[in-house]
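Notes follow the structure.
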Amino acid sequence: MRHIRDIHQQKKSEGKPAFSFEFFPPKTEKGEENLFASVLPELQAMAPDYCSVTYGAGGSTRDTTLDMVERIQRDVGLVCMSHLTCVQATQDEIAQVLQEAQRRQICNILALRGDPPGGVGPFEATEGGFAFSKDLVAFIKANHDMSIGVAGFPEGHIACREGKEVDWARLKEKVDAGADFVVTQLFFDNEDFLRFRDHMVKELGMEQTIIPGILPVLSTRQIQRFTELCGATIPSPMMQRLEGLSEDDAAATAFGIDYAINQCEALLKEGVAGLHFYCLNKAHSTLEVAKALASYR
Ligand SMILES: Cc1cc2nc3c(=O)[nH]c(=O)nc-3n(C[C@H](O)[C@H](O)[C@H](O)COP(=O)(O)OP(=O)(O)OC[C@H]3O[C@@H](n4cnc5c(N)ncnc54)[C@H](O)[C@@H]3O)c2cc1C
């Protein structure tokens, strides 16, 4: 399977953005069947450049993540990146996951620290494990020929009390440890992303690809919960619209599609290297947004 760094390189030389889709490992057989029989074929029609599969909180999906990535690559023929976190894992256990990934022809990893189990309180490294994703990046780089992505936070990471510029300086360190590209947390105000990109490129001299993460909103309650967890801001005009739609998920979804199309068009005009869609294992919204952006591809 191809390295994502090569895909980005190729897209850049063609002057085209890379589109990628993110999924999570379904919890049930029915969910998995729906993903492979319906969601993936529908999204495959949009010719994504690659996709990715998340790693459950606390390392809970270790095997299912690898199973899904392997199956997507084998059965769908799409390059797929496995997310990997340091949560509740020793260095030896992480080494085993990486060896298993390599055995399954998985050669793209999104290297993450992860969140504390239960999502609350300060993160504490497992004894014999890694404290920060930077250490995981360096470990992968030293031991495997894999393309490595890392997470970036246009509004700063929620737990970074020292402010976003400190967080961004740490992002530069983790990229310097061996990452090829950055995928960002969701955001709704493009100015946040553009300030972040300017800082990384112009102030810190980062040359690696930065891919904005896009979430087409599906429901008011869900986006309120997501943004509380990750610290992203919902701009007040957007919040007012969503509050007006509160229980009407169909209307919130339609609004989310329009919002994402406008947001993505503006980002593409700013020359972003690609768009990474948080699909939440559903095809409809991402499909509508990707269709509307067809002329940019
Ligand atoms: C695109 C994307 C995909 C994601 N996928 C998953 C997933 O599949 N599974 C999952 O569980 N989570 C996932 N997450 C969430 C992620 O695990 C959390 O945001 C986590 O809290 C931080 O991970 P990180 O890799 O950015 O950590 P790090 O880069 O290690 O940073 C974590 C915190 O530590 C601080 N820090 C870094 N270095 C130092 C240092 N040297 N000294 C002091 N402080 C430091 C940073 O400022 C930050 O506040 C994803 C996030 C994004 C943006």
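So here's what we get for this one:
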read-out: Selection count, the stretch 202-218, where residues are within 23 Å of Leu293 (Cβ to Cβ) and either without any contact (Cβ under 8 Å) to a residue 40 or more places away in the chain or among the aliphatic types (A, V, I, L, M) (or both); value: 6
read-out: Residues of the stretch 99-136 satisfying the condition of being away from the ligand (no atom under 15 Å from the Cβ) and under 28 Å from Ile158 (Cα atoms); value: Glu127, Gly128
read-out: In the stretch 63-98, the residues that are more than 15 Å from the ligand (Cβ to nearest atom), part of a loop (DSSP other than H, G, I, E, B) and in contact (Cβ under 8 Å) with a residue 12 or more places away in the chain; value: Leu78, Val79, Thr90
read-out: Selection from the stretch 34-58 of residues that are under 25 Å from Lys11 (Cα atoms) and within 13 Å of the ligand (Cβ to nearest atom); value: Cys51, Ser52, Val53, Thr54
read-out: Those residues of the stretch 137-178 which are within 10 Å of the ligand (Cβ to nearest atom), small (Gly, Ala, Ser) and under 18 Å from the mean Cα position of the chain (by Cα), in sequence order; value: Gly149, Ala151, Gly152, Gly156
read-out: Filtered residues of the stretch 180-199 (kept if closer than 18 Å to Thr54 by Cα and more than 10 Å from the ligand (Cβ to nearest atom)); value: Phe181
read-out: Failed criterion for Leu275 (all others in (1) away from the ligand (no atom under 16 Å from the Cβ); (2) closer than 24 Å to Arg197 by Cα hold); value: (1)
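Here's the yes/no breakdown for (1) among the hydrophobic types (A, V, I, L, M, F, W, C); (2) surrounded by fewer than 21 Cβ atoms within 10 Å (Cβ to Cβ); (3) in a strand (DSSP E or B):
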position	(1), (2), (3)
Val150	yes, no, yes
Cys160	yes, yes, no
Val166	yes, yes, no
Leu171	yes, no, no
Val183	yes, no, yes
Glu191	no, yes, no
Leu194	yes, yes, no
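The rows are residues; the columns are (1) surrounded by fewer than 16 Cβ atoms within 10 Å (Cβ to Cβ); (2) over 30 Å from Asn143 (Cβ atoms); (3) hydrophobic (A, V, I, L, M, F, W, C).
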| site | (1), (2), (3) |
| --- | --- |
| Gly15 | yes, yes, no |
| Gly31 | yes, yes, no |
| Ser38 | yes, yes, no |
| Pro48 | no, no, no |
| Ala57 | no, no, yes |
| Val69 | no, no, yes |
| Ile72 | no, no, yes |
| Leu78 | no, no, yes |
| Val87 | no, no, yes |
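For every residue, the table says whether it meets (1) assigned to a strand (DSSP E or B); (2) on the phi < 0 side of the Ramachandran plot; (3) surrounded by 18 or more Cβ atoms within 10 Å (Cβ to Cβ).
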position	(1), (2), (3)
Val217	no, yes, yes
Met239	no, yes, no
Gly244	no, yes, no
Gly256	no, yes, yes
Asn262	no, yes, no
Leu267	no, yes, yes
Leu280	no, no, no
Ser285	no, yes, yes
Val289	no, yes, yes
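Only the coordinates and a few stated rules stand behind these numbers; no lab work does. Fair warning: this is a prediction, and the values are worked out from it, not measured in the lab. Counting neighbours? That spans all protein chains shown, and the Cβs are built from the backbone with ideal geometry, glycine included.
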